[in-house]
Amino acid sequence: MSAIDELPLLDAASLKQHGRRPPVPFAVALGDGRRLVARRLLRVLPGKRIVAEAELEGETVLAKLFIGRGATRRWQRERDGLAALRDAAIPTPDLIATARIDHGGHALLTRFLDPARTLAQALADPATGSGTNAARALLESAFTTLGRLHQAGLVHDDLHLGNFLYHAGAVHVLDGDAVRAPGPGRTLEPATAGRNLALLLAQLPAEWEAREDELLAAYRAGGAPVPDRSRLRAEVTRLRHWRVDTFLAKTVRDCTLFSVRRSARRFVALVRDEAERLAPILAAPDRAIESARLLKAGRTATVALLEPPEDGERTAPLVIKRYNRKNLVHALSRLWRPSRAWHSWREGHRLAFLGIATPAPLALIEGRFGPLRGRAWLVTEHCPGPDLLQHLDPDRPPPEAEARALTTLFAALVRERISHGDLKASNLLWHAQRLFVIDLDAMTQHRSPERFARHWRRDRARLLRNWPAGSALHAWLDAHLPDAPPPT
């Protein structure tokens, strides 16, 4: 018996039954008589699609397994999209095989590009990240490729940095399922091209706005005309808000990134990859607090630091925060509203999504009584840095690195119209050459410029009150912190 014969042999129905956790490695019998071996899962959409690094007759391939309802339609759309890219001479991984899978499934296999990195991975790497010449070259290649795509009459409805793969000196477009020709054989309508271009621009870190002219020149080099700039900018703004709202909705529903469990007595949301590490805390959060080092024991919140056990696997310390009820009136007033832990969970993920440093939120727990909400807990990573009240000397301006971090942070908050609600120095931590924002239960991202301006003036004044009005640090901050932006 061969090694492949010893692996679990799964069909479309059994893959669907396994949900998010197919037992890798596993084998799949293809309709042409060959056997595919899935070695590593890359993405699983339960009951719909499995993407895996796989092996077919000794060759490493990227396998997309379409299962469940609509499998044939999705498989055909993927195949047709890849064909359209090839016909337009847009680099995309070579198609190796398509085949049926027993019980209503289909497989589509493409060449596995290795070594390769997505643009998202490249921008996250300090060596090739935002601001470097390497990042600029990669992004310009991606925008030129998009220009070629549009010039060929095609759009990509899922444009994100993970769908551009850099390999062997070229940017490859992934995910044929999202490629379509709105008017086959016709030039793309300017409005359609503009919306698609805005979708890619909306994915970029905000600091790339200053280099938008260069990116649009690269797009034009691909053969597509640049749409009206004012309309393009308005569409980018709209899409950025939409992307944030869409992501935040995912943080409180079961999906690839987050695990969510609801019952009449409890609501739990957590980062899915942290489920095993957090299991003891989720089972008994108060017991975890009792066993941890107390950082704060206030009327409104109890905060504890949980160090990893010395004889266990070395993992990062965690912070557990329990949001307390001050009295019966306070408890009753919170029954119908999302808890402060819920709000902090969402705002922490908002900041992370926008590239603003904050200790990573890992889990949210709310006690429930049917529709009513009881006590709540938030688990985050620990940021070991000192707060600004401890770190900065009031008698001198901040050092160069801290000054740069302060101006960068506050420029980002103003750009995104985010008010903190309690912007005291103890809620800003200095760590790894960055400022981390904590205590987010009053944080708000405003759609109204006028409302943001009012809240920002309060935040700015609150931070300045941490140091004497005549001190050098107070004077520097007053001169360098942005004022409330004028109404638009």
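Computed from the coordinates by the stated procedures, all read-outs in this text should not be read as laboratory data. A quick note: this is a predicted structure, and the numbers were derived from the prediction, not measured. Virtual Cβ from ideal backbone geometry, glycine too; neighbours counted across all protein chains shown.
Worth pointing out:
- Residues in segment 239-281 that a label on Ala316 would reach, taking backbone N under 15 Å of a point 7 Å out along Cα→Cβ: 271-275, 277-278
- Its residue count N sets the reference 2.2 N^0.38 Å, and the alpha-carbon radius of gyration of segment 1-61 equals 1.05 times that reference.
- Between Glu400 and Glu53, the modelled labels are 4.1 nm apart [label points 7 Å from Cα along Cα→Cβ].
- Extension gain from Arg111 to Arg220, taking 0.36 nm per residue of separation minus the Cα-Cα distance: 36.3 nm
- Estimated from helical segments only, the mean residue ellipticity of the chain at 222 nm is -11000 deg cm²/dmol, where each DSSP H run of four or more residues counts as -39500 (n - 2.57).
- Per-residue packing, averaged as other Cβ atoms within 10 Å, sorts the ranges 407-415, 209-217, 146-154 into the order 146-154, 407-415, 209-217, beginning with the highest.
- 0 to 90° range, to nearest 10: angle between helix 340-353 axis and the chain longest Cα axis: 60
- Only Cα sites of segment 258-381 enter the Debye sum here, all with the same form factor; the resulting log10 I(q)/I(0) across q = 0.12, 0.15 1/Å is -0.44, -0.70, listed in q order.
- Cβ-Cβ distance of Asp94 and Lys296, R₀ of 56 Å, FRET efficiency by 1/(1 + (r/R0)^6): the value works out to about 0.45.
- For segment 180-303, pairs of C-alpha atoms spaced more than 18 angstrom apart make up 70 percent of the total.
- In a simple Cβ point-charge model (Lys, Arg +1; Asp, Glu -1; nothing else charged), the chain has a dipole of about 2320 debye relative to its Cα centre.
- Centroid-to-centroid separation of segment 56-76 and segment 406-440 [C-alpha atoms, Å]: 45
- If R0 is 45 Å, the Cβ-Cβ spacing of Asp393 and Ala264 corresponds to a FRET efficiency of close to 0.25.
- Mean Cα-pair separation over length for the chain, i.e. relative contact order, pairs under 8 Å, 6 or more apart, %: 8
- Non-local Lys pairs in the chain, i.e. 8 or more apart or on different chains, that have alpha carbons under 29 Å apart: 12
- Lys, Arg +1 and Asp, Glu -1 on Cβ, resulting dipole of segment 5-95 about Cα centre, debye, nearest 20: 680
- Label-to-label distance, nm, for residues given as Asp286 and Arg73 (7 Å Cα→Cβ offset): 5.0
- Annotation: average projected area of segment 388-480 is 5.6 square nanometres, based on the convex hull of Cα atoms across all directions.
- Projecting label points 7 angstrom from Cα along Cα→Cβ for Phe353 and Gln17 puts them 3.7 nm apart.
- Cα shape, segment 121-190, gyration tensor, a/c 1.5 rule: prolate
- Considering only Gln76, Leu440, Ala134, and ranking their Cα positions along the charge dipole of the chain that arises from unit charges at the beta-carbon of Lys, Arg, Asp and Glu, the one farthest toward the positive end is Leu440.
- Out of every Cα-Cα pair that segment 23-129 contains, those further apart than 21 angstrom amount to 39 percent.
- Cα-based shape type of segment 82-207, given that a ≥ b ≥ c are square roots of the gyration tensor eigenvalues and the cut on a/c is 1.5: oblate
- Taking 0.36 nm per residue of sequence separation and removing the Cα-Cα distance, the Ala411/Glu450 pair yields an extension gain of 12.3 nm.
- Using only side-chain charges placed at the Cβ, +1 for Lys and Arg and -1 for Asp and Glu, the dipole size of segment 258-381 relative to its Cα centre rounds to 960 debye.
- Quotient of Cα Rg and 2.2 N^0.38 Å for the chain, N being how many residues it contains: 1.11
- Alpha-carbon centroids, segment 232-261 and segment 147-171: separation in whole Å: 22
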